[in-house]
Structures are given as C-alpha cells and as structure tokens.
Amino acid sequence: MKTWLITGCSTGLGRSLAKAVLQKGDNVLVTARDTKKLEEFEKDFPRTALIVRLDVTDLPSVTEAVRAVWDSATLRGILQKRAWRLRL
C-alpha cells in the first residue's frame, strides 16, 4: 500500500486522481482550500483518506498542512525510512 499527497482535490484532475488511487486501496492525503468539498472522500474512504486543508498561497495553511501530513503515522514511517537510507 502506498501513501499519496494529492493537491487540488476539490475538482478536476486532483479529484479524479484521488478517487482512482483510493479505489485502488492506497492511502491519500486529500487536500484543497475548501475541505467541505472533500467530505465525500471522508465518507467513502474513512480508513484511507486523510482530509487536509491546504491553500498554497497562505503560509499558515501550508504550515498546518505540513503538520497534518507529518502527524500521519503512515507517511511519517515512510519518510523516516527513506531518510535513514539516505544517511547510509
């Protein structure tokens, strides 16, 4: 199982990609400025979709999103493993 971070999931390509990845069974950090438009993901994929508010033009929003991503245990484990490999 992979973990994806997909931006712009409220419409268009981001939304379609997030749905396809979730239907495949992978984890997705689903992001958008308006998280109300993402409620469908939370309802349909409660164990594999993590809703994260992200407005890339707003620094506090980016900071909160990074914190939420880091707090995702699955992603944190992946990043720590890769960081460890890079040190070797």
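Just a few scattered comments:
- Anisotropy class of the range 8-60 from Cα gyration tensor, a/c 1.5 cut: prolate
- Amide H contacts of I51 (H built 1.01 Å from N, under 5 Å, at least 5 apart or other chain): V30
- Counted by neighbouring Cβ atoms within 10 Å, the residues T57, T3 run from fewest to most as T57, T3.
- Listed peptides 5-12, 43-50, 26-33, 59-66 by packing density, highest first (mean Cβ within 10 Å): 26-33, 5-12, 43-50, 59-66
Readers should treat all values here as calculations from the given coordinates under stated rules, not as data from a laboratory. Quick caveat: nothing in here was measured; it's all calculated off a predicted structure. Note that each Cβ is placed from the backbone with ideal geometry, even for glycine, and that neighbours are counted across all protein chains shown.
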